[in-house]
Amino acid sequence: MRAIRGAIQIERNDRQAIDDGVKALCAAIEAKNELAPSRIISAIFTLTPDLDADFPARAAREAGWGEVPMLCAQELPVPGALSRVCRVLLHARGKREAVHVYLGGAEKLRPDLAKPEPKPKPVPKPEPEPKPKPKPKPEPKPEPKPEPEPKPKPNPKPKPEPKPEPKPEPKPVPKPKPKPKPEPNPKPKPNPKPNPNPPRRTNGAS
């Protein structure tokens, strides 16, 4: 367990100013101690007698400390003490070293504990990358000589068109020969009548 102290000087004695101051103090304690409200065991707030417009515990609950047991009290009215101051003492779970927080004019209360805000470490500038050596420019290629324009060839004489071959005259189609008329069948010759006086045959000379 660890005990953490904090204080802030409030701008004026009204509810809004006390509310803003207490919330800023709670947020700074959480941030510098890497503390979650769930790890806070209890908190005691005190106000100087010139601050009576509001309870600091109410503002702390609105800041997220709703589950933390809290108590408010008044500081002793010591002559010459710093005015308009809200103080807090809280106990929290954890073993890391406590970082006490004093804001505004409250740093005068405990200069031995009010650690100045650590200056951010300067971010080392990245070394500039070495510029690449410029590539040697390629030698310009000689421009090719323009080829001489070819002389125009003389137009060849047009070949005479071949004469069309005469078309062969069509052969006359032979007329078909008329078919010969069939000859009429010859009438049968009448048989000759037999000679009634046939010649006589003679033997020897007559």
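The values are calculated or read from the model by the stated rules, or taken from the named source; none is laboratory data. From a predicted model like this one, the values you see are computed outputs, not experimental measurements. Using ideal geometry, Cβ is built from the backbone for each residue, glycine included, and neighbour counts are taken over all protein chains shown. With ligands, DNA and RNA removed, areas are computed over all heavy atoms of the protein, side chains included. Shrake-Rupley method; radii C 1.70, N 1.55, O 1.52, S 1.80 Å.
Whole-Hz Karplus values for segment 34-42 come out as 6, 10, 8, x, 5, 9, 7, 7, 6 Hz, taken residue by residue from phi with 6.51 cos²θ - 1.76 cosθ + 1.60 and θ = phi - 60°; glycine and proline positions read x. Other residues lying with their Cβ under 11 Å from the Cβ of ASN13 contribute a combined charge of -2, Lys and Arg counting +1, Asp and Glu -1. Candidate cross-link partners of LYS32 among the aspartates and glutamates, defined by an alpha-carbon separation under 15 Å and a same-chain spacing of 8 or more, comprise GLU97, GLU117. Taking packing as the residue-averaged number of other Cβ atoms within 10 angstrom, the listed peptides 9-17, 130-138, 75-83 run from highest to lowest as 9-17, 75-83, 130-138. Across segment 134-139, computed HN-Hα scalar couplings (Karplus, 6.51 cos²θ - 1.76 cosθ + 1.60, θ = phi - 60°) run x, 5, x, 5, x, 4 Hz from first to last residue, x flagging Gly and Pro. Calculate what fraction, in whole %, of the accessible area of segment 1-93 sits on carbon and sulfur atoms when a 1.4 Å probe is rolled over the protein chains. Summing carbon and sulfur atoms, their accessible area is 54 percent of the total for segment 1-93. Couplings 3J(HN,Hα) for segment 95-111, derived from phi with the Karplus relation 6.51 cos²θ - 1.76 cosθ + 1.60 (θ = phi - 60°), are 10, 6, 5, 6, 10, 7, 10, 10, 10, x, x, 5, 4, 5, 5, 9, x Hz, where x marks Gly and Pro.
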